[in-house]
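The values are calculated or read from the model by the stated rules, or taken from the named source; none is laboratory data. Treat the numbers as computed from the prediction; the structure is a model and nothing was measured. No Cβ is skipped: glycine too gets one built from the backbone with ideal geometry, and neighbour counts run over all protein chains shown.
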Amino acid sequence: MIRKPRHSDPPREAAITRSILRVLRSLPGLLVRKRHGSALGYAGDADLYGCYRGRHFEIEIKRPGRKATPLQEHRLKEWARAGALTGVVHSAQEALQLLDWDGKSQHELPVQDRA
């Protein structure tokens, strides 16, 4: 039996990731990539990485109410010690806040992506 999602169910991490990628890729001067787990990667690495205003960032994406694992937190701290912007986000709005996007350009978040 397939369970239908309830309206109160939080969005899946994949849907949140797509929303964040859509918003970040629309910002001028920002490069973002989705990290896919593989044998060549490191366990615990963040979901997204990129560069904005000359600064590297690492973003771990979680569903609302969820936290990063201790290993994911450790990896984010490693990147932060090296000078990267790092954080755990639950929405496109939180990703923009993490990157300290100033909002002074013509870019406006689509209504469905606003918190």
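Search segment 23-48 for residues being of a type outside the set (Gly, Ala, Ser) and in a loop (DSSP other than H, G, I, E, B), and hand back the single one that is nearest to GLU78 (Cα to Cα).
Ranking the qualifying residues of segment 23-48, first place goes to ASP45.
Identify all residues within segment 44-92 that are out of contact with any strand residue (DSSP E or B) (no Cβ under 7 Å at 6 or more places or on another chain) and under 15 Å from SER19 (Cβ atoms); write none if there are none.
Of everything in segment 44-92, those that are out of contact with any strand residue (DSSP E or B) (no Cβ under 7 Å at 6 or more places or on another chain) and under 15 Å from SER19 (Cβ atoms) turn out to be ARG63, PRO64, HIS90, SER91, ALA92.
Looking at ALA95, ALA39, ALA115, can you tell me which residue is touching a strand residue (DSSP E or B) at 6+ places or on another chain (Cβ under 7 Å) and either modelled with pLDDT of 95 or more or not acidic (Asp, Glu) (or both)?
ALA95
So which of ILE59, ILE16, ILE20 is at pLDDT 90 or above and in a strand (DSSP E or B)?
On inspection, the qualifying residue turns out to be ILE59.
Give me the residue from segment 20-79 that is touching a residue at least 60 places away in the same chain (Cβ under 8 Å) and in contact with a Ser or Thr (Cβ under 8 Å, 6 or more places away or on another chain) and, out of that set, surrounded by the most Cβ atoms within 10 Å (Cβ to Cβ).
By that ranking, first place goes to ILE20.
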